[in-house]
Each structure stands twice: as structure tokens, then as C-alpha cells.
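Trainee: Sharing a structure below in C-alpha cells format, with a few things to ask.
The values are calculated or read from the model by the stated rules, or taken from the named source; none is laboratory data. Just so you know, these numbers come straight off a predicted model, no measurement behind them. Counting neighbours? That spans all protein chains shown, and the Cβs are built from the backbone with ideal geometry, glycine included.
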């Protein structure tokens with residue numbers, strides 16, 4: 001349950017970037033979550049919605065994008081997107097799509113990244 | 001008039017922790033210290049395992065003992081006359097590289113051969129937070145239920161050694177040790193799995209050799 005500290009870290013980074021870009025409002029926050037990160041997207045969104053109150057990101061649209069898991073198979077050397085097997089797990093297991101081995105090296109899919117934000121700011125021409 | 005702009009951030013929230021973890025490991029390497037991170041549920045036997053290893057080997061060991069708010073684990077380990085730094089996470093469910101780096105300030109790295117880091121009792125959250133250790137040991141006990149390994153794939157996928165503890169109680173709680181071993185290998189086919197009953201001293205020597213072996217193969 002570290003969604004709260006993650007949400008706080010995300011919001012701090014968003015507000016920092018918004019300020020650097022002279023924003024007076026943040027309208028969208030797009031976050032990418034690897035399918036293997038131990039974060040629950042719904043909880044994260046909930047926390048963010050609480051934390052953005054009374055900031056310039058209040059009412060921002062929070063978009064969560066899933067990021068596929070990239071693997072290299074130790075068994076057959078396949079490199080690419082891994083198959084997600086969630087048949088007997090809420091947590092997905094990763095296997096090689098070519099040989100179905102679980103002996104894979106996860107290259108990508110554990111990270112949480114703020115992809116981009118949309119902001120509103122005063123148009124310089126109007127000033 | 002409002003201008004709407006998209007600002008590309010591409011800010012990886014995990015990266016800050018990973019960077020700090022790399023820094024921690026560089027520090028260990030500089031002082032020729034081999035760092036082992038112990039994770040497992042509350043009551044799996046992490047602290048006891050650390051105490052047993054300290055009492056058995058000749059090498060100089062330092063310990064960072066993570067706990068939510070107490071210093072009970074740190075106190076237990078301190079009684080074995082090794083340098084101990086307690087790390088309190090406050091509310092957090094895991095140690096992170098930043099907390100570890102703080103603990104290192106009070107740890108005499110040049111006087112020790114091994115640094116043991118005991119994580120907060122949790123099989124879920126520590127997965128996301130590298131600490132900079134060279135080896136991660138996951139300790140699980142049969143009393144947690146023999147489906148515990150099956151239910152927590154990621155922590156076992158990242159494990160360098162799995163210890164299945166309290167096997168003397170398996171029959172009493174109706175747990176299948178074989179199932180737990182098989183599940184660990186399903187998640188992590190090449191990982192070494194040791195079954196132990198630390199209270200009876202069973203498996204301890206094997207665990208110590210496995211740490212030694214992992215260190216030598218690095």
C-alpha cells in the first residue's frame with residue numbers, strides 16, 4: 001500500500017513541471033504503469049484525486065495507461081512483449097509467448113512514469 | 001484567452017529510488033561489503049535467521065533493521081554485539097533506498113564484511129523498491145499457509161534465495177512443504193530453495209553456504 005507516497009511523488013513532479021511552464025491550471029495527467037508494478041491503478045487514481053484538491057491540478061483528468069512487459073527469454077532467446085498469464089492469479093505471471101517458459105528476464109514493465117500533462121496558461125499575445 | 005499546452009514529462013517515479021540504490025551499492029563495493037536484503041512476512045523468521053547467522057559465522061556483520069515504528073528488532077540483534085542501525089519507516093510498508101542510505105551514515109562499513117538489511121514484514125511492497133543489496137533472500141514460513149508462495153509471485157521472482165522456514169510445524173498446520181518449494185520454482189525456476197527449521201538449527205548451515213556461494217559467483 002504505497003500508493004499514497006507514489007501519488008504524492010507524482011503530484012509533486014506534476015506541480016513542479018506545471019510551475020516551470022507558467023501554467024495556471026493542469027487539465028490532464030497521463031501516467032504509465034508497468035503491468036508488473038505493485039501498484040493498484042484504481043487506488044492510485046483515488047489518492048491523486050484527493051491530493052489534487054486545492055492545487056492548480058484540481059479536477060484534472062487522470063489517465064492511466066498500462067505498459068506491456070518486455071522480456072528476454074532465457075530458454076529460447078525471444079526478445080519482445082511477454083505474454084501475461086492471469087488465469088490463476090490476480091497478479092499476472094509473465095511467460096515467453098514463443099516457448100511458454102517462465103524463465104524470462106524482465107526488461108521493462110515495472111516502472112511508473114508520468115508521461116505528460118496538459119496545462120492551461122495565459123496566451124502571451126493577449127498580455 | 002487560455003493557451004492549452006501539452007508538456008511531455010517522461011518522469012520515471014521509480015528512477016529516483018533505483019538511482020539511490022545504485023549509489024548504495026557503489027558504497028558497499030567501495031568498502032568491500034556484501035549486502036544481503038531479507039524480506040518476508042511478519043513472523044516468518046527474518047530477525048531470528050539474522051541472529052542465528054551472526055552467532056554461527058566468524059565474519060563481521062552489520063545490520064540495518066527495518067521496522068514500522070519500533071526498535072524491537074534492532075534491540076534483539078544488538079544483543080549479539082554487532083553494529084545495528086534501526087530504520088523506522090513510520091507509516092510506510094517497505095524500506096527504500098533513501099532510508100537505507102540514511103542508515104548507512106551510522107554504519108561503520110569499513111569495519112564489516114557483510115551488511116544485512118532486514119526489510120519491513122511484507123511480501124508485496126518491497127518488490128518495487130531496490131535497496132542496492134547484492135542478494136535478496138525471501139523468508140517464508142509454513143505457518144503463513146502453503147499457498148503463500150503461490151500468491152506472491154513477484155517477490156519470489158526477484159529472490160536470489162528462498163528459505164521455507166518452520167517446516168517442523170508443517171504437519172500441525174496442514175501445510176505442504178513440497179507445494180511451497182514447487183511454487184517457488186514455478187515463479188523462479190533457477191532459484192535455490194532451502195527448507196529450514198531454524199529453531200531446531202535445521203537448514204542454517206545450508207543457508208550460510210548459499211550466501212557464501214552467491215557472493216563468490218558474483
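Trainee: Which residues, counting only those in segment A:56-67, are surrounded by 15 or more Cβ atoms within 10 Å (Cβ to Cβ) and either assigned to a loop (DSSP other than H, G, I, E, B) or out of contact with any strand residue (DSSP E or B) (no Cβ under 6 Å at 6 or more places or on another chain) (or both)?
Mentor: Answer for segment A:56-67, where residues must be surrounded by 15 or more Cβ atoms within 10 Å (Cβ to Cβ) and either assigned to a loop (DSSP other than H, G, I, E, B) or out of contact with any strand residue (DSSP E or B) (no Cβ under 6 Å at 6 or more places or on another chain) (or both): A:56, A:57, A:60.
Trainee: Let me ask something else. What number of residues within segment B:136-185 are closer than 23 Å to residue A:35 by Cα and part of a strand (DSSP E or B)?
Mentor: Here the count works out to 2.
Trainee: Of (1) surrounded by fewer than 19 Cβ atoms within 10 Å (Cβ to Cβ); (2) at pLDDT 95 or above; (3) under 24 Å from residue B:60 (Cα atoms), residue B:112 satisfies all except one. Which?
Mentor: Residue B:112 satisfies all of (1) surrounded by fewer than 19 Cβ atoms within 10 Å (Cβ to Cβ); (2) at pLDDT 95 or above; (3) under 24 Å from residue B:60 (Cα atoms) except (1).
Trainee: Now a separate question. Of everything in segment B:87-128 that's touching a helix residue (DSSP H, G or I) at 6+ places or on another chain (Cβ under 7 Å) and part of a strand (DSSP E or B), which residue is nearest to residue B:67 (Cα to Cα)?
Mentor: Within segment B:87-128, the match that is nearest to residue B:67 (Cα to Cα) is B:87.
Trainee: Now, a different point. At least 1 residues that are crowded, with 20+ Cβ neighbours inside 10 Å and away from chain A (no Cβ under 14 Å) in each: list the strands (runs of 3 or more DSSP E) lying fully within segment B:1-86 that qualify.
Mentor: Correct list: B:34-40, B:61-67.
Trainee: Also, I was wondering about something else. Would a scan of segment A:33-52 turn up a residue that is part of a strand (DSSP E or B), within 21 Å of the chain's Cα centre (by Cα) and at pLDDT below 95?
Mentor: Taking every residue of segment A:33-52 in turn, at least one turns out to be part of a strand (DSSP E or B), within 21 Å of the chain's Cα centre (by Cα) and at pLDDT below 95.
Trainee: Step by step: first the residues of segment A:6-17, then only those that are under 17 Å from the mean Cα position of the chain (by Cα) and either more than 8 Å from chain B (Cβ to nearest Cβ) or surrounded by 21 or more Cβ atoms within 10 Å (Cβ to Cβ) (or both), then the one that is modelled with the lowest pLDDT. Which residue is that?
Mentor: Only one residue fits best here, namely A:6.
Trainee: Considering only residues that are modelled with pLDDT of 95 or more and outside any helix (DSSP H, G or I), look in segment B:192-218 and name the one that is surrounded by the most Cβ atoms within 10 Å (Cβ to Cβ).
Mentor: Step by step, filter segment B:192-218, then rank; the result is B:196.
Here's the yes/no breakdown for (1) surrounded by 14 or more Cβ atoms within 10 Å (Cβ to Cβ); (2) in contact (Cβ under 8 Å) with a residue 24 or more places away in the chain; (3) out of contact with any strand residue (DSSP E or B) (no Cβ under 7 Å at 6 or more places or on another chain); (4) more than 10 Å from chain B (Cβ to nearest Cβ):
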{"position": "A:4", "(1), (2), (3), (4)": "yes, yes, yes, no"}
{"position": "A:19", "(1), (2), (3), (4)": "no, no, yes, yes"}
{"position": "A:30", "(1), (2), (3), (4)": "yes, yes, no, no"}
{"position": "A:33", "(1), (2), (3), (4)": "yes, yes, no, no"}
{"position": "A:42", "(1), (2), (3), (4)": "no, no, yes, yes"}
{"position": "A:45", "(1), (2), (3), (4)": "yes, no, no, yes"}
{"position": "A:69", "(1), (2), (3), (4)": "yes, yes, no, yes"}
{"position": "A:72", "(1), (2), (3), (4)": "yes, yes, no, yes"}
{"position": "A:100", "(1), (2), (3), (4)": "no, no, yes, yes"}
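Trainee: Right, another one. Which of the residues that make up segment B:87-109 are surrounded by fewer than 20 Cβ atoms within 10 Å (Cβ to Cβ), without any contact (Cβ under 8 Å) to a residue 24 or more places away in the chain and within 20 Å of residue B:138 (Cα to Cα)?
Mentor: Passing the criteria: none in range.
Trainee: Could you run through segment B:122-153 and say how many residues are within 14 Å of chain A (Cβ to nearest Cβ) and within 14 Å of the chain's Cα centre (by Cα)?
Mentor: The qualifying residues number 9.
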